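Heads up: the structure comes next, in structure tokens.
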Amino acid sequence: LVSEKNRAWHAGISYWNLENDINSNSIGIELDYSPNYQNNIFSKKLVSSLIALLKNLKKKYKISNYNILAHSDVSPYRKVDPGSKFPWNTLYKNDLAFSPEKAKKNKIKSIRIWFKKRNISSKKNIILFMLAYIGYDTSLSNQKNFFYNYLLKNYQSHYLQNLKNGKNLQKTYDLIEKHFCILVLTNLKK
């Protein structure tokens with residue numbers, strides 16, 4: 001709807017990885033998402049077109065997989081799209097999005113010791129610290145549990161699609177921890 005040369009307002013008020021003007025340095029792709037679940041089918045033809053478009057944009061603008069995101073990633077308190085049925089696994093298989101990989105257990109143990117030495121002991125505070133490092137806006141989650149739960153649900157809709165309900169905190173915590181470890185140990189956040 002807007003030429004990629006021009007600035008669009010696709011993300012609205014948004015934040016990712018210390019950047020709070022996502023609209024000025026990103027390209028939004030609209031896939032006709034309905035928050036009331038009436039039009040959330042990502043057909044093979046639509047996904048095929050998306051893959052071709054992402055390959056082109058990724059090459060043209062040298063976009064890292066880490067920065068291929070959902071509206072629910074950059075604006076987790078206001079947006080839920082593309083939702084839990086979005087085919088992230090297909091994008092991972094086509095090297096078009098970042099997926100938290102397996103981190104070595106000894107590295108995870110080191111991270112846990114690091115938090116303990118700094119007296120960061122509650123799981124909520126540790127999760128918020130890690131999500132902030134990953135790139136998420138955690139500011140509202142520090143204030144109210146409602147926003148914290150909303151943030152977790154949006155993380156799950158991207159990385160743990162089979163959960164999608166804000167529950168199973170341990171499985172979510174484990175993946176956030178792996179996600180965090182990979183980023184701390186690599187240069188993926190470019």
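The single condition from (1) under 14 Å from the mean Cα position of the chain (by Cα); (2) of a type outside the set (D, E, K, R); (3) open to solvent by 70 Å² or more (accessible area, probe 1.4 Å) that W88 fails is (3).
Just so you know, in segment 106-139 the residues that are open to solvent by less than 30 Å² (accessible area, probe 1.4 Å) and not in a helix (DSSP H, G or I) include one that is farthest from D73 (Cα to Cα), and it is T138. Looking only at residues in segment 23-42 that are open to solvent by 90 Å² or more (accessible area, probe 1.4 Å) and either at pLDDT 65 or above or not in a loop (DSSP other than H, G, I, E, B) (or both), the one that is farthest from D81 (Cα to Cα) is N25.
Against the conditions (1) assigned to a helix (DSSP H, G or I); (2) modelled with pLDDT of 90 or more, where does D95 fall short? Just the number, please. Only one criterion is unmet by D95, namely (1). Listed by first and then second residue, the pairs with beta-carbon distance under 8 Å, at least 6 apart or on different chains, first residue in segment 1-28 and farther than 25 Å from I134 by Cα, second of a type outside the set (S, T, N, Q) and assigned to a loop (DSSP other than H, G, I, E, B), are L1/A8; L1/E30; V2/A8; V2/H10; E4/I27. Looking at segment 43-78 only, could you name the residues that are without any contact (Cβ under 8 Å) to a residue 40 or more places away in the chain, farther than 14 Å from S26 by Cα and outside any helix (DSSP H, G or I)? Scanning segment 43-78 gives a single hit, S43. Is one or more of the residues making up segment 62-70 at pLDDT 90 or above and more than 17 Å from the chain's Cα centre (by Cα)? Within segment 62-70 (the criterion being at pLDDT 90 or above and more than 17 Å from the chain's Cα centre (by Cα)), the answer is yes, since at least one residue qualifies.
The values are calculated or read from the model by the stated rules, or taken from the named source; none is laboratory data. In this text, all values refer to a predicted model and were calculated from it rather than measured experimentally. Backbone-built Cβ (ideal geometry, glycine too); neighbour counts: all protein chains shown. Please note that ligands, DNA and RNA were not included when accessible areas were found on the heavy atoms of the full protein model with its side chains. Shrake-Rupley method; radii C 1.70, N 1.55, O 1.52, S 1.80 Å.
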